[in-house]
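Asks: First the structure, then my questions, so here it is.
The values are calculated or read from the model by the stated rules, or taken from the named source; none is laboratory data. Because the structure is a prediction, the values reported are computed rather than measured. Glycine also receives a Cβ, built like all others from the backbone with ideal geometry; neighbour counts cover every protein chain displayed. For accessibility, only protein heavy atoms count, side chains too; no ligands or nucleic acids. Shrake-Rupley method; radii C 1.70, N 1.55, O 1.52, S 1.80 Å.
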Amino acid sequence: MDFAPELLEALRQARHVAVFTGAGVSAESGIPTFRDAQTGLWAQYRAEDLATPDAFERDPAMVWQWYAWRRELMQSAQPNPGHRAIAELERRVPRVCVITQNVDGLHRMAGCSDVIELHGNIWDNVCFSCGRRVDRGEDVNAVDTPPRCPHCNGLLRPGVVWFGEALPAEAWQRAAQEAELADVFFCIGTSSLVEPAASLPRHAQSCGRTVIQINPESTGHDAFARFVLRGKAGEVLPALLADAWPAC
Ligand code: BJW
Ligand code: ZN
């Protein structure tokens, strides 16, 4: 893989890197994306029926079971070379922050120490009524209907962000700050269609940051990137690190 010398130099000079990721980064770990034409979850299921508060109110058991199935898919998933290369960056750059839309926890499993989860985490359980986080252990996956909250008897739901819900405020503020301050802003494996997360690469570019896009397909955000690298995260990232820091 050939990388522009200016790209390698920008990486080597960076003191602060932000890495914004989406479902494509976990695709090589066997976790389906949302919008890939044949294999994406939204090719088979309707987001309105499964990933909105209205859907949960209409049919909590169906939504709970769908997430139990997703948890099962993710349970055995391991970080892939893309996750591991992102974690490796911490050994080469003084400050690295991962801003992810993914709910699978694989960046942390790969060893990333600073991870902002914009859309929550699928392993958390939160009460739909009182909003408290409830630790119910692994037994929750075994049941077909959402368990009850020990505080208010409301229904538990997965701790992810559904359409129409606000992103966690602190996570969002930190992510926006990272986009403003990072020398290099990676945008990897996201269709960049879901707001407000998709505004981050635009924000980074408007603040004069070097935006690097990695995706096998073109997205609406290619225009905001100084460098567009076409390919899979698990192939491009290890090659990029090896070329930028050949001695490591
Ligand atoms: C590879 C690869 C490989 C493949 N290597 N790449 C402005 C305009 C229009 C609409 C809105 C707007 N502002 C808000 C909205 C509404 C809505 C929205 O954005 N809708 C649009 C879709 C039209 N946004 C919201 O509702 C958000 N909330 C909000 O705005 O609240 C406002 C509010 C304020 C105050 C009070 C109340 C409300 C919330 C959005 C929540 C999104 N939730 C989901 C589900 C999470 C839980 C779960 O997992 O079930 O998050 S939807 C889904 O999309 C998931 C993802 O995180 C998110 C983004 O998807 P992502 O990661 O980009 O995946 P894909 O599949 O789209 O793309 C994969 C990419 O990878 C592709 O490009 C491939 O090519 C690539 N790829 N293999 C690298 N190996
Ligand atoms: Zn409750």
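Asks: Looking only at the stretch 98-112, filter to residues that are in a helix (DSSP H, G or I) and in contact with a helix residue (DSSP H, G or I) (Cβ under 7 Å, 6 or more places away or on another chain); which one of those is most open to solvent (accessible area, probe 1.4 Å)?
Replies: ALA110
Asks: If I filter the stretch 113-156 down to residues being within 26 Å of the chain's Cα centre (by Cα), of a type in the set (Asp, Glu) and assigned to a loop (DSSP other than H, G, I, E, B), which single residue comes out as nearest to ligand 2 (Cβ to nearest atom)?
Replies: That would be ASP135.
Asks: Residue by residue through the stretch 130-156, note down the ones that are of a type in the set (S, T, N, Q) and surrounded by 15 or more Cβ atoms within 10 Å (Cβ to Cβ).
Replies: Result: ASN141, single match.
Asks: Now, a different point. Kindly indicate which of THR190, THR219 is crowded, with 24+ Cβ neighbours inside 10 Å and part of a loop (DSSP other than H, G, I, E, B).
Replies: Testing whether each residue is crowded, with 24+ Cβ neighbours inside 10 Å and part of a loop (DSSP other than H, G, I, E, B) leaves just THR190.
Asks: Go through the stretch 3-40 and give me each residue that's modelled with pLDDT under 95 and either open to solvent by less than 50 Å² (accessible area, probe 1.4 Å) or not aliphatic (A, V, I, L, M) (or both).
Replies: Across the stretch 3-40, the qualifying residues are ASP36, GLN38, THR39.
Asks: All but one of (1) within 19 Å of SER26 (Cβ to Cβ); (2) buried (at least 21 other Cβ atoms within 10 Å of the Cβ) hold for GLU235; state the number of the condition that does not hold.
Replies: For GLU235, the exception is condition (2).
Asks: Just checking, which of ARG70, ARG46 is without any contact (Cβ under 8 Å) to a residue 60 or more places away in the chain, crowded, with 19+ Cβ neighbours inside 10 Å and more than 19 Å from GLY234 (Cβ to Cβ)?
Replies: Result of the check over ARG70, ARG46: ARG70.
Asks: Next question, about the same structure. May I ask you to list the residues in the stretch 194-216 that are open to solvent by 10 Å² or more (accessible area, probe 1.4 Å) and either under 20 Å from TRP172 (Cα atoms) or without any contact (Cβ under 8 Å) to a residue 12 or more places away in the chain (or both)?
Replies: Answer for the stretch 194-216, where residues must be open to solvent by 10 Å² or more (accessible area, probe 1.4 Å) and either under 20 Å from TRP172 (Cα atoms) or without any contact (Cβ under 8 Å) to a residue 12 or more places away in the chain (or both): VAL194, GLU195, PRO196, SER199, ARG202, HIS203, GLN205, SER206, CYS207, GLY208, ARG209.
Asks: Kindly establish whether VAL93 is within 16 Å of ligand 1 (Cβ to nearest atom) and either modelled with pLDDT of 95 or more or open to solvent by 60 Å² or more (accessible area, probe 1.4 Å) (or both).
Replies: So VAL93 fails the test.
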